[in-house]
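A quick write-up on the structure given underneath.
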Amino acid sequence: MRVFPVYAPKLIIKHVRIFVSGVIWVKDLGRLEFDKGRFLLPREQCLPQVKQAILELNQLIQSQHANEAKTA
């Protein structure tokens, strides 16, 4: 488990792309799980800011994959 003391989307995405599946902890958001290079929404209720952060991170991951496909 990697701990991020601040919400830094680019660093978080870099970590997810390297490890592909696992768990991270982000201050003020809590525990976030990812699998196959995508963040998973928690099964139980979560705070709106957590859901928004997960959607933002997944969108950034998807846009990076699209940019790589264009350049390849």
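The values are calculated or read from the model by the stated rules, or taken from the named source; none is laboratory data. Source: prediction; values computed, not measured. In this analysis, Cβ positions are derived from the backbone assuming ideal geometry, glycine residues included, and neighbour counts consider all displayed protein chains. For accessibility, only protein heavy atoms count, side chains too; no ligands or nucleic acids. Shrake-Rupley method; radii C 1.70, N 1.55, O 1.52, S 1.80 Å.
As I understand it, the dipole of the chain uses +1 on the Cβ of Lys and Arg and -1 on the Cβ of Asp and Glu, about the Cα centre. Which of MET1, LEU29, VAL50 lies farthest toward its positive end? Value computed over the given set: MET1.
Of all lysines in the structure, the ones whose alpha carbon falls short of 20 Å from that of LYS51, not counting any fewer than 8 places away in one chain, are LYS10, LYS14, LYS27, LYS36. Rounded to the nearest 20, the Cβ-based charge dipole of the chain about its Cα centre (Lys and Arg +1, Asp and Glu -1) stands at 140 debye. Per residue, the chain reaches -16500 deg cm²/dmol at 222 nm when only DSSP H runs of four or more residues are counted, each adding -39500 (n - 2.57). For the chain, GluC sites (Glu not before Pro) are listed when DSSP marks them as loop and at most 15 other Cβ atoms sit within 10 Å of their Cβ; the list is GLU44.
Of all beta bridges that DSSP places with both ends in the chain, some 75 percent have antiparallel geometry. In this structure LEU41 has an accessible area near 90 Å², from a 1.4 Å probe over the protein heavy atoms. In the context of the full set of protein chains, residues of the stretch 1-51 present 74 Å² of accessible surface per residue (probe radius 1.4 Å, heavy atoms only). Counting charges near VAL3 (Lys, Arg +1; Asp, Glu -1) among other residues having Cβ under 12 Å from its Cβ returns a value of +3. A DSSP coil position with no more than 12 other Cβ atoms inside 10 Å describes the following trypsin sites (Lys or Arg not before Pro) in the chain: LYS27, LYS36, ARG43. Accessible surface of the chain, 1.4 Å probe: 56 percent of it comes from carbon and sulfur atoms. Taken along its three principal axes, the alpha carbon spread of the chain comes to 38, 21, 20 Å, from the longest extent down to the shortest.
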